[in-house]
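The values are calculated or read from the model by the stated rules, or taken from the named source; none is laboratory data. Not measured: the values here are computed from a predicted model. In this analysis, Cβ positions are derived from the backbone assuming ideal geometry, glycine residues included, and neighbour counts consider all displayed protein chains.
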Amino acid sequence: MKAPCSRLRLERLWLIALLAVCLSQGCTTKQAGADDGFVPIFDGMTLEGWRVVGGNATYRVEGGHIVGTSGKGGPNTFLRTLRDDYEDFDFRCQFKWDIPGNSGIQFRSAHKPPQNNQAEGRVFGYQYEMDQSERAWTAGLHEESRRGWMVALKGEENATKRQAVKLDGWNDMVIRCEGRRIQTWLNGVPIVDTTDESEDALQSGFFGLQIHWGELSQVRWRDLRVKELNTD
């Protein structure tokens, strides 16, 4: 009878070890259901479903990441989704800097009318700021090429928010838009919660990954996914 008891003991130990691994990796039933309804918008291998607009920065896929590298001269460059009608949503991804530089994530964005024989007008729209400078306004709300800063992380009242960014590792970010309400999070810290009551408020548009013109910089993004809200 000793052999069956030993096997039973080993099986129990194996189950305990498996449970410990699951808990450490966040694969409990509750966690596994947390991402229900999210759809990847980057396949991890190609830039299918995206296109580059604007300036001279380049984008490539490397190790399951989108890597954006600045080019010479301006204007700003964007890798934007082909789809341009995202309305209410919960958008999530991770980002990090390889080489410091200003960047951001466009949402509910569009193009201005072309000018001076341009094939396509300049990108404008809401932007989740990615700021690795001492200012540290990452996750603040900026409107590209139109109204400028809408929620800047100035002053002592925003000191805790400015400390949320990781300068050397991966950052978890969230953008949630529902109607005119816009919310952002950075590494689990709520940053922006505002309602755009202006007649210029944007109700839909594309997503875009910005590389700012200027000195050499390089940024990575991964695990880009979106859950559309109120689609029933």
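So how many residues does region 153-168 have that are exposed (fewer than 15 other Cβ atoms within 10 Å of the Cβ) and over 17 Å from the mean Cα position of the chain (by Cα)?
Final tally of qualifying residues: 7.
So, of the residues in region 70-107 that are polar (S, T, N, Q) and crowded, with 18+ Cβ neighbours inside 10 Å, which turns out to be farthest from Trp213 (Cα to Cα)?
Checking each candidate, the answer is Thr81.
Quick check on region 169-185: of everything there that is under 14 Å from the mean Cα position of the chain (by Cα) and farther than 21 Å from Ser109 by Cα, which residue is surrounded by the most Cβ atoms within 10 Å (Cβ to Cβ)?
Only one residue fits best here, namely Asn171.
Taking region 127-149 as the region of interest, how many residues are buried (at least 17 other Cβ atoms within 10 Å of the Cβ) and within 15 Å of Thr194 (Cβ to Cβ)?
9
Restricting attention to strands (runs of 3 or more DSSP E) lying wholly within region 107-221, give those where 1 or more residues are touching a residue at least 60 places away in the same chain (Cβ under 8 Å). First the steps, then the outcome.
Values: elements: 123-130, 141-144, 148-151, 171-178, 181-186, 189-195, 206-211.
Those strands (runs of 3 or more DSSP E) span 123-130, 141-144, 171-178, 206-211.
In region 183-216, what residues are in contact with a Ser or Thr (Cβ under 6 Å, 6 or more places away or on another chain) and under 16 Å from Lys227 (Cβ atoms)?
Phe207
Quick one: count up the residues across region 132-170 that are closer than 26 Å to Pro75 by Cα, among the polar types (S, T, N, Q) and at pLDDT 95 or above.
Qualifying residue count for the region: 1.
I'd like the residue in region 17-69 that is among the acidic types (Asp, Glu) and modelled with pLDDT under 90 and, out of all such residues, is nearest to Trp213 (Cα to Cα).
Initial filter on region 17-69 (among the acidic types (Asp, Glu)): 35-36, 43, 48, 62.
Those left that are additionally modelled with pLDDT under 90: 35-36.
On the way: Asp35: 34, Asp36: 37 Å.
Only one residue tops the list, namely Asp35.
Considering region 72-106 alone, what residues qualify as being in contact with a strand residue (DSSP E or B) (Cβ under 6 Å, 6 or more places away or on another chain), in a loop (DSSP other than H, G, I, E, B) and within 13 Å of Val226 (Cα to Cα)?
Matches in region 72-106: Asp88 only.
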